[in-house]
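Written out below as structure tokens is the structure these notes cover.
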Amino acid sequence: MARLLITGGAGFIGSHTALVLLEAGHELVVLDNYANSSPEALRRVLELAGPEAEGRLQVIEGDIRRSTDLDRAFAAGASPGAGVEAVIHFAGLKAVGESVAEPLRYWDVNVNGSQRLLAAMRAHGCRTVVFSSSATLYGYPEAVPIPESAPIRPINPYGHTKAAVEKMLSDVAASEAGWRIACLRYFNPVGAHPSGRIGEDPNGIPNNLFPFISQVAVGRREQVQVFGGDWPTSDGSGVRDYIHVMDLAEGHLAALNTLLAGGDQLLQLNLGSGHGHSVLEVIEAFGRACGRSIPHQITQRRSGDAAITVADPSEAKRQLGWQTRRNLHDICQDGWRWQHSNPGGYAT
Ligand code: NAD
Ligand code: UFG
């Protein structure tokens, strides 16, 4: 059992990972400013984790850019005396379009925030960190499936900030002994915990396909716009590697175990399924899960999109002993259970 600091632990991926980590017996301190989440998510995580997790989750409302908040988080914990052994760093901003409009905010939260966090880690004698990176680093991939050795060529400010933090982490790893770092490059995280109690709850109009489809299914929106029907794919719509958020959460546990078991490390790994699904396939699969067809219309391509991004996940399997276990059917079943039992997200 380790004491862990989870930044951004109230968010979509953070809340599912917090549950998996509590179930694995760890003690957690979550630091979140609720910029894009609700405290209700963590209340439900505790409810799902049950009485065995009692006293093992402490929540601090605060900002990763503020050193006093970081100091409070490193000093907090369920059992006084032992320090934070590792950090799982989810906190950040993630909307591509918003990053184009507000690059300085993205560089501040994602890059400056990560720099502050790493400085606090050093000050508190913690040198183990799992970082939320993204397949967005690869930009327009030259070939699919994409291996980790593919060129890092992000095409928007959000991607630039992720590349900058990966660079910062590799500089830190090279600067002194003792660092154990995993940069996990997520492909397209979707779905929800099978209980339907926690899931993705985007603010406003969803930018991403999966929450948009589920909001159409529940009647909050009229129809899905399919961005392009003329891509060089089997049915003309874009292809992505959708990964169930519970598989992703388990990938974090596997990465943490690998870091804690070894010496100095700098891992840069894709977390994806290795399977691609088109937009139309996802719409069809979601329709089967919810028992009605999802209204949709093919429209113009969205600027900045690639035709196909699919992970080569073989390194994660080799180095972490982890691979996805859930498929598109599970993703849609679990995503629909969350959406129809919480039509307005955590507010309902
Ligand atoms: P999310 O927005 O649901 O979670 C991020 C959390 O960080 C939120 O709870 C938010 O309130 C918190 N936060 C934001 N700024 C903060 C700050 N300054 N201080 C403290 N907390 C702050 O997003 P998510 O989907 O769970 O993503 C988690 C991480 O994974 C992000 O770093 C994101 O860039 C990365 N990622 C996400 C995806 C995806 O498609 N969801 C894909 C690749 C990478
Ligand atoms: N799409 C539609 N209609 C929509 C939304 C999306 O047809 O309303 C299509 C897109 O064109 C694309 C696919 O659905 O072909 C997936 O789009 P998303 O917006 O859901 O996801 P992206 O692959 O564009 O990007 C996501 C995150 C990024 C992250 C990337 C890789 O938004 O932050 O996955 O992890 F970097």
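The values are calculated or read from the model by the stated rules, or taken from the named source; none is laboratory data. The structure presented is a predicted model; accordingly, all values stated were derived computationally and were not measured. Cβ atoms come from the backbone with ideal geometry, glycine included; neighbour counts cover every protein chain shown. Note: areas computed on protein heavy atoms with side chains; ligands, DNA, RNA excluded. Shrake-Rupley method; radii C 1.70, N 1.55, O 1.52, S 1.80 Å.
Would you please state which residues of the range 1-44 a label at Gln58 would reach in this model, taking the label point 7 Å out along Cα→Cβ and a backbone N cut-off of under 14 Å? Residues 3-6, 27-32 fall inside that zone. Applying the Karplus relation 6.51 cos²θ - 1.76 cosθ + 1.60 with θ = phi - 60° to the range 115-125 yields 3J(HN,Hα) values of 4, 4, 4, 5, 5, 5, 4, 4, 4, 9, x Hz, where x marks Gly and Pro.
Evaluated on the range 3-347, the Kirkwood hydrodynamic radius is 20.3 Å, with distances taken between all distinct Cα atoms. Magnitude of the charge dipole for the chain, about its Cα centre and with charges confined to Cβ atoms of Lys, Arg (+1) and Asp, Glu (-1), is about 160 debye.
Over the range 204-280, consider all pairs of different Cα atoms and compute the Kirkwood hydrodynamic radius from their mean reciprocal separation; express it in Å, one decimal.
Details: mean 1/r = 0.0651 Å⁻¹.
That comes to 15.4 Å for the range 204-280.
With 10 Å bins beginning at zero, the pair-distance distribution over Cα atoms of the range 1-109 amounts to 15, 46, 28, 9, 1 %.
How big is the accessible area of Thr299 in square angstrom, nearest 10, if you roll a 1.4 angstrom probe over the protein chains? Surface accessible to solvent at Thr299 totals approximately 40 Å². For the chain, adding -39500 (n - 2.57) for each run of n ≥ 4 DSSP H residues and dividing by the number of residues yields -11500 deg cm²/dmol at 222 nm. In this view, the solvent-accessible surface of Asp330, computed with a 1.4 Å probe and all protein chains in place, comes to about 50 Å².
Panel values: the range 66-166, Kirkwood radius from alpha carbon pairs, Stokes-Einstein at 20 °C and 1.002 mPa s, translational diffusion coefficient 142 µm²/s. The accessible-area ordering, largest first, of the residues Val218, Val100 stands as Val100, Val218, per a 1.4 angstrom probe. Run the paramagnetic zone check for Arg318: 7 angstrom along Cα to Cβ, then residues of the range 250-272 with backbone nitrogen under 16 Å. Those under the cut-off are 266-272. Beta bridges per DSSP, both residues in the chain: antiparallel share near 5 percent.
Please report the net charge: other residues with Cβ closer than 15 Å to the Cβ of Gly238, K and R +1, D and E -1. My count for the surroundings of Gly238 gives -3. Between rounded, prolate and oblate, where does the range 273-324 land on the alpha carbon gyration tensor, with a ≥ b ≥ c its root eigenvalues, rounded for a/c under 1.5, else prolate if a/b exceeds b/c? It is oblate, given that a/c is not under 1.5 and a/b is not larger than b/c.
For the chain, the longest principal axis of the C-alpha atoms and the axis of helix 157-175 are separated by about 30°. From the alpha carbon centroid of the range 166-183 to that of the range 96-165 is 14 Å. A simple spin-label model places pseudo-atoms 7 Å from Cα toward Cβ; at Ala177 and Glu23 they are separated by 3.9 nm. Each residue was assigned an accessible area with a 1.4 Å probe, and for Trp231 the value is about 30 Å².
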